[in-house]
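What follows is a short report on a single structure.
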C-alpha cells in the first residue's frame with residue numbers, strides 16, 4: 001500500500017520530470033547555440049564599449065590640444081615656409097628640423113612654430129640633441145589661423161619666417 005500511495009502521489013511529478021528531461025535532451029543543440037550567441041553578443045558589446053571609450057578619450061585629447069594650439073597662435077607662433085618655395089607655407093611634420101632662413105641653422109629648442117593648416121609645434125631635441133618638430137597640437141579654428149597668416153604678408157613672409 002505504501003508503494004501505491006507513493007506512485008499515485010508522485011506519478012505526475014515523475015511524468016513531468018521525464019518530459020522535461022526529454023525536452024532538454026532534444027533541445028541541447030539549440031540551448032548551446034543560444035549560449036554561444038549570447039557570449040558573442042557580450043563580446044561584441046564589450047568591444048563596442050571599449051571603442052566608444054577610446055573615441056571619447058580621443059575627443060577629449062583633441063579638445064585639449066585644440067586649446068593649446070589656439071593659444072600658441074594667439075601668443076605669436078612662428079609660421080614656417082617651404083625651403084624650396086619661400087612664398088608658400090610648409091606643413092609641420094614630426095621629427096623634421098626647422099631652419100633659420102638667414103643663418104641656415106636649426107631654430108633652438110623650445111621655439112613655437114606653426115603652419116597654415118592649424119598645426120602648431122614646439123621644437124624639441126631629438127636623440128642627437130638637434131631641435132626637431134614635436135609636441136604637435138592642431139586647431140580647427142580657421143579664422144585664427146588665417147588671421148595669423150595675414151599678419152605676415154608679401155616680402156615679410158620671405159624675410160621673417162624660418163624654412164623647413
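Some notes on this structure:
- The stretch 129-148, subset within 16 Å of the chain's Cα centre (by Cα) and assigned to a strand (DSSP E or B), residue surrounded by the fewest Cβ atoms within 10 Å (Cβ to Cβ): 135
- Selection status of residue 124, surrounded by 12 or more Cβ atoms within 10 Å (Cβ to Cβ) and modelled with pLDDT of 90 or more: yes
- In the condition set (1) out of contact with any strand residue (DSSP E or B) (no Cβ under 7 Å at 6 or more places or on another chain); (2) within 13 Å of residue 138 (Cβ to Cβ); (3) in a loop (DSSP other than H, G, I, E, B), residue 67 is compliant with all but (3).
- Reported count of residues in the stretch 108-117, each being in contact with a helix residue (DSSP H, G or I) (Cβ under 8 Å, 6 or more places away or on another chain) and buried (at least 21 other Cβ atoms within 10 Å of the Cβ), is 1.
- Residue match in the stretch 43-62 (condition: surrounded by 10 or more Cβ atoms within 10 Å (Cβ to Cβ) and in contact with a strand residue (DSSP E or B) (Cβ under 9 Å, 6 or more places away or on another chain)): yes
- Residue in the stretch 9-30 that is part of a helix (DSSP H, G or I), farther than 19 Å from residue 117 by Cα, under 33 Å from the mean Cα position of the chain (by Cα) and free of Cβ contacts under 8 Å to residues at least 40 places away in the same chain present: no
- Per-region count, the stretch 77-92, residues touching a strand residue (DSSP E or B) at 6+ places or on another chain (Cβ under 8 Å) and in a loop (DSSP other than H, G, I, E, B): 10
- The one condition in (1) closer than 13 Å to residue 78 by Cα; (2) surrounded by 14 or more Cβ atoms within 10 Å (Cβ to Cβ); (3) within 26 Å of the chain's Cα centre (by Cα) that residue 89 fails to fulfil: (3)
- Subset tally (residues that are under 16 Å from residue 79 (Cβ atoms) and part of a loop (DSSP other than H, G, I, E, B)) for the stretch 108-128: 5
- Some residue of the stretch 93-107 being in a strand (DSSP E or B) and surrounded by 12 or more Cβ atoms within 10 Å (Cβ to Cβ): yes
The values are calculated or read from the model by the stated rules, or taken from the named source; none is laboratory data. Because the structure is predicted, anything quoted here is derived from the model rather than measured. FYI the Cβ positions are ideal-geometry reconstructions off the backbone, even for glycines, and counts take in every protein chain you see.
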